[in-house]
Amino acid sequence: KGGIFRVTLLRRDLIENAAKLWTLAYPELYGSPHEFLLDPEQYERWIALEDSWAEDAGKKVYCMSVVEKIESGEVVASSVLTKFDKNLQVEFSFIATHPEYRLKHLTDELRLFTRNIALGTDAEYFTTFCETWHDSTQNWCFKRGWKIAGIFPGNFVRWNGDNQEYRRCTVHYYQFVKGGEEYVTRPEKWYLAPRAKEVWGVLNRVNGGI
């Protein structure tokens, strides 16, 4: 956008600013399995960096894309992918935007950039989850072909301030790529308990099939 921002993989020199963004935009991660996103000292252990992409891409679990303000190096938005190599799966785990830059459409290019990274892997199965304290990302997923897998009550422990925690509910989605759906067992081969069959009937109707 006029040379003000660029979308890039996380670089070593952006780690501090990336951690600042996540601390500001997603403090609820404190105390959760993803708490490392708030601690810059943990980044090189877990996240593949652009500086060492050839080596990191094969062995690191996480990948982070960022929107960088070119003049200052400030990270104003970011997204995180989690890969499960043996399951041929990539999870679109989180996306965060600096409060001052929300509703400025900065994440449009970020989402596209991140998706292209995921498509560059061997994954044939994409997953993601959305928060339930708003429905904007849920609607975004539906509009872009993601299919709902279910609603998980209390799926994640989240920080609630004053050293308190609670269990946040999430809506989960999936999407096949590269013909992955061809290898899925068919519903007529499934053995489902009556209640599970009833749930699948609703999901199948909403999703329009597998």
Subset tally (residues that are exposed (fewer than 10 other Cβ atoms within 10 Å of the Cβ) and in a loop (DSSP other than H, G, I, E, B)) for region 172-210: 7
Which ones in region 34-51 are open to solvent by 40 Å² or more (accessible area, probe 1.4 Å), closer than 12 Å to residue 9 by Cβ and of a type in the set (A, V, I, L, M, F, W, C)? none
Find the residue count for region 52-68, including only residues that are of a type in the set (Phe, Trp, Tyr) and either open to solvent by less than 10 Å² (accessible area, probe 1.4 Å) or part of a strand (DSSP E or B) (or both). 1
When only residues in region 13-44 that are out of contact with any Lys or Arg (no Cβ under 9 Å at 6 or more places or on another chain) and assigned to a loop (DSSP other than H, G, I, E, B) count, which is modelled with the lowest pLDDT? 33
Condition test on residue 88, is it touching a helix residue (DSSP H, G or I) at 6+ places or on another chain (Cβ under 8 Å), open to solvent by 60 Å² or more (accessible area, probe 1.4 Å), under 19 Å from residue 120 (Cβ atoms) and of a type in the set (A, V, I, L, M, F, W, C)? yes
Tally, over region 1-12, of residues that are surrounded by 14 or more Cβ atoms within 10 Å (Cβ to Cβ), part of a loop (DSSP other than H, G, I, E, B) and of a type in the set (A, V, I, L, M, F, W, C): 1
Verdict on residue 103 being under 21 Å from residue 20 (Cα atoms), free of Cβ contacts under 8 Å to residues at least 24 places away in the same chain and of a type outside the set (Val, Ile, Thr): yes
Result of the Cβ filter at 8 Å on region 184-210, keeping first residues that are over 16 Å from residue 151 (Cα atoms) and partners that are assigned to a helix (DSSP H, G or I), at least 6 apart or interchain, is 187/200; 187/204; 190/200; 192/200; 210/181; 210/187; 210/204
Scan region 125-136 and tell me whether some residue there is out of contact with any helix residue (DSSP H, G or I) (no Cβ under 8 Å at 6 or more places or on another chain), closer than 16 Å to residue 174 by Cβ and not β-branched (Val, Ile, Thr). yes
Being at pLDDT below 95 and either assigned to a helix (DSSP H, G or I) or open to solvent by 30 Å² or more (accessible area, probe 1.4 Å) (or both) is the requirement here; does residue 157 meet it? yes
In a strand (DSSP E or B) and within 15 Å of residue 94 (Cα to Cα): is that true of residue 169 in this structure? yes
So residue 106, is it open to solvent by less than 30 Å² (accessible area, probe 1.4 Å) and either acidic (Asp, Glu) or under 27 Å from residue 65 (Cα atoms) (or both): yes
In region 112-127, what count of residues is obtained for those that are open to solvent by 60 Å² or more (accessible area, probe 1.4 Å) and within 12 Å of the chain's Cα centre (by Cα)? 1
Of all residues in region 128-146, count the ones that are out of contact with any strand residue (DSSP E or B) (no Cβ under 6 Å at 6 or more places or on another chain) and open to solvent by 30 Å² or more (accessible area, probe 1.4 Å). 10
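The values are calculated or read from the model by the stated rules, or taken from the named source; none is laboratory data. Just so it is clear, the model here is predicted, and its values are computed rather than measured. Positions of Cβ are generated from backbone atoms using ideal geometry, with glycine treated the same way; all protein chains shown enter the neighbour counts. Each accessible area value is taken on the protein alone, full model and side chains, heavy atoms only, with ligands, DNA and RNA left out. Shrake-Rupley method; radii C 1.70, N 1.55, O 1.52, S 1.80 Å.
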